[in-house]
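The values are calculated or read from the model by the stated rules, or taken from the named source; none is laboratory data. This is a predicted model, so every value here is computed, not measured. Note: ideal-geometry Cβ built from the backbone for every residue, glycine included; neighbour counts use all protein chains shown. What goes into the accessible areas is simple: the full protein's heavy atoms, side chains included, and nothing from ligands, DNA or RNA. Shrake-Rupley method; radii C 1.70, N 1.55, O 1.52, S 1.80 Å.
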Amino acid sequence: MAAATNTFENVKAAVLSAHKTTTSAEKVDFYNSWAENYEQDLEVLEYRAPSLAADSISSHFSGDREAAVVLDLACGTGLMAKQMKRHGFGHFVGIDGSEAMLEMARKSGLYQDLKQSMLGEGPLPVQWGLFDVVVIIGALSVGQVPVSVVREMCKSTKPGGYICMTTRSNQDNVEYKAALEYELKLMEDEGLWTCVEVTEVEDWERAVSEQEDGYISGAVYLYKRLQL
């Protein structure tokens, strides 16, 4: 989409078309084609997840932010790293399935390392227990990244480190959100991590489905990995 057609109706149509992709190759093709206008389009949607998640992490992280290593999963063009940078974090490793998105992230100059990998289709291409903060913002939803990825997120985090996740709370994501929260609680019961806070947000982003108007809600989850 050209920048000149960056209206809510056009952005809505683009997002709805993404929901119709079924194979990994189709999803990658869609995000490759969206990369150039991705950030402008999310501004049209009034997408707040990156800033809300960064605020949650910032309010609890007490270590050396400049030295902290942040793993940004489904990093896209780098929106989350930009928000984390505002809070004093300075070392980012990004993973995304779209090479075009990674190229935009590379141009931001924020990442020390970027890797192309389809989340949920194999182990994360990182060392376990290495990261002070691990984030996945916007990708935990129906038809995108499977819930199973949260266990790998936990394994990637240093003991005492933080894991931040977001998901939508709207109608088409109800079952996914329930499955996600079941897994988060199960992992807490297993002694892998502890819940620091869950923030339910009413005005998450503008609704794009035909069944919803106004704004949809969403949630930010912050967990802390326990000592082994």
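Quick notes on this structure:
- Of all residues in the stretch 183-196 being in a helix (DSSP H, G or I) and over 19 Å from the mean Cα position of the chain (by Cα), the one that is surrounded by the most Cβ atoms within 10 Å (Cβ to Cβ): 187
- Scanning the stretch 44-61 for residues that are among the aliphatic types (A, V, I, L, M) and over 19 Å from residue 199 (Cα atoms) turns up at least one hit.
- Only a single criterion out of (1) over 28 Å from residue 22 (Cα atoms); (2) part of a loop (DSSP other than H, G, I, E, B) is not satisfied by residue 125, namely (1).
- Long-range neighbours under 8 Å by Cβ, at least six apart or interchain, first residue closer than 18 Å to residue 218 by Cβ within the stretch 178-197, second assigned to a helix (DSSP H, G or I) and not acidic (Asp, Glu): 180/150; 183/150; 183/151; 184/150; 195/184; 196/60; 197/56; 197/60
- Members of the stretch 32-49 found to be open to solvent by 10 Å² or more (accessible area, probe 1.4 Å) and out of contact with any strand residue (DSSP E or B) (no Cβ under 7 Å at 6 or more places or on another chain), listed by number: 32, 33, 34, 36, 37, 38, 39, 40, 42, 43, 44
- Matching residues in the stretch 150-174 - criterion: being within 17 Å of residue 195 (Cα to Cα) and either open to solvent by 40 Å² or more (accessible area, probe 1.4 Å) or of a type in the set (A, V, I, L, M) (or both): 150, 151, 153, 155, 158, 159, 163, 165
- Filtering 69, 44 for residues that are among the aliphatic types (A, V, I, L, M), over 16 Å from the mean Cα position of the chain (by Cα) and farther than 19 Å from residue 223 by Cβ leaves a single hit, 44.
- Extreme residue, most open to solvent (accessible area, probe 1.4 Å), among residues of the stretch 66-88 that are in a loop (DSSP other than H, G, I, E, B) and more than 18 Å from residue 156 (Cα to Cα): 66
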